[in-house]
Amino acid sequence: MSLLEVSGLSVTFGGLAALKNVSFSLEDREIVGLIGPNGAGKTTLFNCLSGFQAPDEGTMRFRGTVLERRSPDRIAALGLARTFQTSRIFRRMTVLDHVLIGLHRHQRAGFWAAVARPAWVAAEDAAARRRGLELLALFEDRLLPRVDDFADSLSYANRRRLEIARALATGPTLLLLDEPTAGMNPHESAGIVRLIQAIRDLGITVLLIEHDMKVIMNASDRIVVLDHGEKIAEGRPDEIRRDENVIAAYMGRRGARA
Amino acid sequence: MLLSQVVNGLTQGSLYALVAIGFVIIFGTMNLVTFAHGEVYMIGAFVGYLALGVYHLAWPVALASGMAAAWVLGSVIEKTAFRPLRATGHMPPLLITIGLSIILKDLAVVVFGAENRPVPSVYGTTVQVAGVPVSVLQLVILGLAGALVVALRVLLHSTKIGRAMRATAQDHEAAYAMGVNVNRVFNIAFALASALGGAAGVMVGIYYNTVYPAMGGTAGLKGFAACIFGGLTSIPGAILGGLIIGVVENLTIQFVASGYRDVVAFAVMVLILLLRPQGLLGKRLRMV
Amino acid sequence: MALYAFVPRRENRLLWGGALAAALLVPAVLRSEYVLNTAVLAGIYVILAASLNITNGYTGLFSFGHAAFYGIGAYTAAILATRLGWGFALTLPAAAVVAALFGAALALITLRLSGIFLALVTIGFQEITFLVTLNWIALTRGPMGIPGVPPPALGGYELRGNTGYYYLILALDVLTLFVVARVVTSRVGRAFVAIREDELAAQASGLPTFRLKVLAFVIATFFAGLAGAFFAHHARFVSADSFRLDETFVILTMLIVGGLGSFLGPIVGAVALVILPEVSRVLAEYRGVVYGLVLIAVILFRPEGVAGVPGIIQPRGLLARARPAREPVA
């Protein structure tokens, strides 16, 4: 059984087909790139997978479990995490709080425990804090020194890293990254490529939307290409690079930087 | 008997509709909600009372002065409360209108006292329309409300400022890019909505022969309830909502109990919000 | 440390311990019955503002129905006390639980909505509650209200002067603020703030946001009911007129002036706005105007209030979360 099986996925917005009969699958420990010109339907696909958009047709199975009609938090509990194209951080929460939120589902303390504070709550908090710091350490010295800073004081690049850290904290087996290197310089983008590979080495499959072709080519094992909502190509980076349909789809369009 | 209650309901409902149209204009043009609309209505009503009951002017003068006072008040509110804060989102202006509503109501209590003020009767006679007893006053009110709605439609569709308002309501950034003076449009929209509210206030005062500082609170909320019918952005929806609420209210008085009259509007509002928040006439709500 | 970040913890126990000690000494120092009565009033509003802060401040829900739950608590206590002869020790928890049950019911039905739609629905509930209370004469005596609610009798000793009431409300304040402090520094409190900051991102991070919002509502309405019970036994007369939308606006004003989303905010706001009209006769006569002006001034010049978390009131607002299709039909 594949980690993720998508078949015949279709979404229409008021007459405009955002996704048309899209099918593909993901296996364990893969890094798969998802590319296509602007408006190809990539983020819509992410929204369907993560429960923010109901597909009109098609199914998505995550380890055999159907994803349609599940709420986003249930899908996150199943092990599918995502980041957003426009950075969605909690402005007035600290960096540490973000990863602690990601760990929320792995903790138990509810209202009564909060009020009475039996001993196990402190132990649970301490364990979560340790785990949170471990996760932040994956980002070298970008986030750890800022552990108690409010997220709205972070640079744009650090905010995107923070989103990834928060998503990792949920303990996913599949991580959807939506343009993680947007706004980063080549040096930072290379760092993200290393990070994605480290994430894969942790046993997590990564599905990656990117416009930066260098990142996609370096990081991906496989690439899926969408155009106008349809899958037009799928294969290894070197195959995709030479694929005529892909080249035609990108010809004359801004957004491809190779 | 039933039919005369329906007529009562339509009369009252047309006044709710005027208040509701005001909310729709403000929300549709500026995408903002005001909690001070009821108090503007109340101020209009008191100005009408002063003109009619204290200075003994003719009722059309009372109506015009009530509308004018409400227009001015609305224009001032827009300029001081909404404009400086428009860029900051929807919450700050809304909270300011809460503050204004508290101030206006309290001022009215201090200046006029909290009790009811009597408004002299106008047109006490009754006529028969298709076998149903209808008071002349009701006919006048229905006629005036209808005239105002028609005038509004003419304004919005056939005048330059009306077109500017509709363009701004569709997309205020595009309108600005096309040379529309968006600030002026917002101000006129707010003032216009307030004037309609003021008209309703004056007519309510005449219809029930009384004005009092607390009258704005419930009227404003019922206006909200009426405009929910159209999902906050539809003028026909607001009119329909107002009329339906008015009729059902009066039928409730007749067949249930008079004390529960006000529940109708709120129960309707809650039901629509729960079942179909985009209103009965509005489009589907998109949440993400 | 910023005012909005202060929460009573073991580390700063000297600070809040000292404040508590000072509060305990107030009746010894200020012996006027009038001043003590003002202090009791402030104590009630501290509970109301602090409980509203849970939903509107920490979780970012726009509930405009708080006074209705205050009223439900007050009426529950009054009815149980005058009809069944229950003492304060029983009416207090009963009132809080009844209010919380109503809160849970309302939350379960309405929290799918957000922004202005939630605000309107809570206003609708507020008004319906008022009208039902006014008209259900058999239960509530309608417009006549319920007089003759006995004062709290603790251990056979009936509370008489304001000193007794003061210590009682102080105890209830300590209870409320203790629970609030514990909640906001916990996993649950953190989840509330995440929902306020970005509900979609919170869901994507695995938070069961609906359940959490209902919890916030239940906590808030529980304490509103608690305050209501105290009110009933203090004023000893309950009438529906005290629990209208106006009252919700007063509580909300106190909360905003003091500051949303922080521990100190509601305390500062409640105390300041209860005391302010008492400072001069003129201010007392124009209480509404004063409150309105203070609210407007705060929004214009310092939206975070005295001790609130900056950035809650701007830039995202009621309508940003749920925008209906904007096609005005005219």
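The values are calculated or read from the model by the stated rules, or taken from the named source; none is laboratory data. If you're wondering where the values come from, they're calculated on a predicted model, not measured in any experiment. Glycine also receives a Cβ, built like all others from the backbone with ideal geometry; neighbour counts cover every protein chain displayed.
Candidates B:Ala174, B:Ala226, B:Ala265: the one that is in a helix (DSSP H, G or I), of a type in the set (A, V, I, L, M, F, W, C), out of contact with any His (no Cβ under 8 Å at 6 or more places or on another chain) and modelled with pLDDT of 90 or more is B:Ala226.
Counting the residues of region C:178-221 that are surrounded by fewer than 23 Cβ atoms within 10 Å (Cβ to Cβ) and hydroxyl-bearing (Ser, Thr, Tyr) gives 3. Taking region A:79-93 as the range and being surrounded by 17 or more Cβ atoms within 10 Å (Cβ to Cβ) and not charged (D, E, K, R) as the test, the residues that pass are A:Gly79, A:Leu80, A:Ala81, A:Thr83, A:Phe84, A:Ser87, A:Ile89, A:Phe90, A:Met93.
Matching residues to (1) at pLDDT below 90; (2) surrounded by 16 or more Cβ atoms within 10 Å (Cβ to Cβ); (3) of a type in the set (A, V, I, L, M):
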residue	(1), (2), (3)
C:Glu11	yes, no, no
C:Gly17	no, no, no
C:Ala28	yes, no, yes
C:Leu41	no, yes, yes
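Do the conditions hold for C:Ala107, that is, is it buried (at least 21 other Cβ atoms within 10 Å of the Cβ), closer than 19 Å to B:Gly259 by Cβ, more than 9 Å from chain B (Cβ to nearest Cβ) and in contact with a Lys or Arg (Cβ under 9 Å, 6 or more places away or on another chain)? First the steps, then the outcome.
Numbers: buried (at least 21 other Cβ atoms within 10 Å of the Cβ): yes; closer than 19 Å to B:Gly259 by Cβ: no; more than 9 Å from chain B (Cβ to nearest Cβ): yes; in contact with a Lys or Arg (Cβ under 9 Å, 6 or more places away or on another chain): yes.
Answer is no for this residue.
Scanning region B:198-232 for residues that are touching a Leu at 6+ places or on another chain (Cβ under 9 Å) and closer than 24 Å to C:Thr122 by Cα yields a count of 13.
Every condition in (1) surrounded by 14 or more Cβ atoms within 10 Å (Cβ to Cβ); (2) within 12 Å of chain C (Cβ to nearest Cβ); (3) in contact (Cβ under 8 Å) with a residue 12 or more places away in the chain is met by A:Val115 except one, and the failing one is (3).
For A:Ile247, the test of being free of Cβ contacts under 8 Å to residues at least 24 places away in the same chain and either outside any helix (DSSP H, G or I) or closer than 30 Å to A:Glu57 by Cβ (or both) is passed.
Within region B:5-34, the only residue that satisfies the criterion of being within 14 Å of chain C (Cβ to nearest Cβ), β-branched (Val, Ile, Thr) and over 14 Å from the mean Cα position of the chain (by Cα) is B:Thr29.
Of all the numbered requirements in (1) modelled with pLDDT of 85 or more; (2) more than 7 Å from chain C (Cβ to nearest Cβ); (3) buried (at least 22 other Cβ atoms within 10 Å of the Cβ), B:Val248 misses one, and that requirement is (3). Scanning region B:230-245 for residues that are within 12 Å of chain C (Cβ to nearest Cβ) and part of a helix (DSSP H, G or I) yields a count of 6. For the residues A:Glu188, A:Glu244, A:Glu234, the requirement of being of a type outside the set (A, V, I, L, M) and within 19 Å of A:Leu49 (Cβ to Cβ) singles out A:Glu234. Per the conditions (1) over 14 Å from the mean Cα position of the chain (by Cα); (2) at pLDDT below 95, the sole criterion not satisfied by C:Ala191 is (2). Looking across B:Val72, B:Val40, one residue alone is surrounded by fewer than 24 Cβ atoms within 10 Å (Cβ to Cβ) and either within 14 Å of another protein chain (Cβ to nearest Cβ) or among the hydrophobic types (A, V, I, L, M, F, W, C) (or both). It is B:Val72.
Could you tell me whether region B:120-133 includes any residue that is surrounded by 21 or more Cβ atoms within 10 Å (Cβ to Cβ), touching a Gly at 6+ places or on another chain (Cβ under 9 Å) and more than 20 Å from C:Val250 (Cβ to Cβ)? The answer is no; no qualifying residue exists. On inspection, B:Ala145 passes the criterion of being away from chain C (no Cβ under 14 Å), modelled with pLDDT of 85 or more and either within 21 Å of the chain's Cα centre (by Cα) or not in a helix (DSSP H, G or I) (or both).
Test of understanding: among B:Ala69, B:Ala51, B:Ala114, B:Ala64, which residue is in contact (Cβ under 8 Å) with a residue 40 or more places away in the chain and part of a helix (DSSP H, G or I)?
Details: B:Ala51 fails: in contact (Cβ under 8 Å) with a residue 40 or more places away in the chain; B:Ala114 fails: part of a helix (DSSP H, G or I); B:Ala64 fails: in contact (Cβ under 8 Å) with a residue 40 or more places away in the chain.
It is B:Ala69.
The residue pairs whose first member lies in region B:156-167 and is within 9 Å of chain C (Cβ to nearest Cβ) and among the basic types (Lys, Arg), whose second member is part of a helix (DSSP H, G or I) and surrounded by fewer than 18 Cβ atoms within 10 Å (Cβ to Cβ), and whose beta carbons are closer than 9 Å, counting only pairs six or more residues apart or on different chains, are B:Arg166/B:His157. Return yes or no: is B:Val136 surrounded by fewer than 23 Cβ atoms within 10 Å (Cβ to Cβ), in contact with a strand residue (DSSP E or B) (Cβ under 7 Å, 6 or more places away or on another chain), of a type in the set (A, V, I, L, M, F, W, C) and away from every other protein chain (no Cβ under 14 Å)? In short, yes. If only residues of region A:105-155 that are in contact with a Ser or Thr (Cβ under 9 Å, 6 or more places away or on another chain) and of a type in the set (Gly, Ala, Ser) are counted, the one that is nearest to C:Val214 (Cα to Cα) is A:Gly110.
Only one of the numbered conditions (1) of a type in the set (A, V, I, L, M, F, W, C); (2) over 27 Å from C:Glu197 (Cβ atoms); (3) touching an Asp or Glu at 6+ places or on another chain (Cβ under 6 Å) is violated by A:Ala157, and that is (2). Please tell me if C:Pro266 is more than 24 Å from C:Val7 (Cα to Cα), more than 9 Å from chain B (Cβ to nearest Cβ) and crowded, with 18+ Cβ neighbours inside 10 Å. No; evaluated as a whole, the condition is false for this residue.
Yes or no, residue by residue, for (1) of a type outside the set (Val, Ile, Thr); (2) modelled with pLDDT of 95 or more; (3) at positive phi:
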residue: C:Phe263; (1), (2), (3): yes, yes, no
residue: C:Gly269; (1), (2), (3): yes, yes, no
residue: C:Leu276; (1), (2), (3): yes, no, no
residue: C:Ile299; (1), (2), (3): no, no, no
residue: C:Glu304; (1), (2), (3): yes, no, no
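Only helices (runs of 4 or more DSSP H) whose full extent lies in region C:38-141 are considered here, and the ones with at least 2 residues that are aromatic (Phe, Trp, Tyr) are C:66-83, C:88-110, C:115-135. If you go through region B:117-142 and keep only what is hydrophobic (A, V, I, L, M, F, W, C) and not in a helix (DSSP H, G or I), you end up with B:Val119, B:Val122, B:Val127, B:Val129, B:Ala130, B:Val132, B:Val134.
Looking at region C:173-228 only, could you name the residues that are among the polar types (S, T, N, Q) and more than 7 Å from every other protein chain (Cβ to nearest Cβ)?
Listed by number, the residues that qualify are C:Thr176, C:Thr185, C:Thr221.
Scanning region A:1-36 for residues that are buried (at least 20 other Cβ atoms within 10 Å of the Cβ) and either in contact with a Pro (Cβ under 8 Å, 6 or more places away or on another chain) or at pLDDT below 90 (or both) returns A:Leu9, A:Val11, A:Leu19, A:Gly33.
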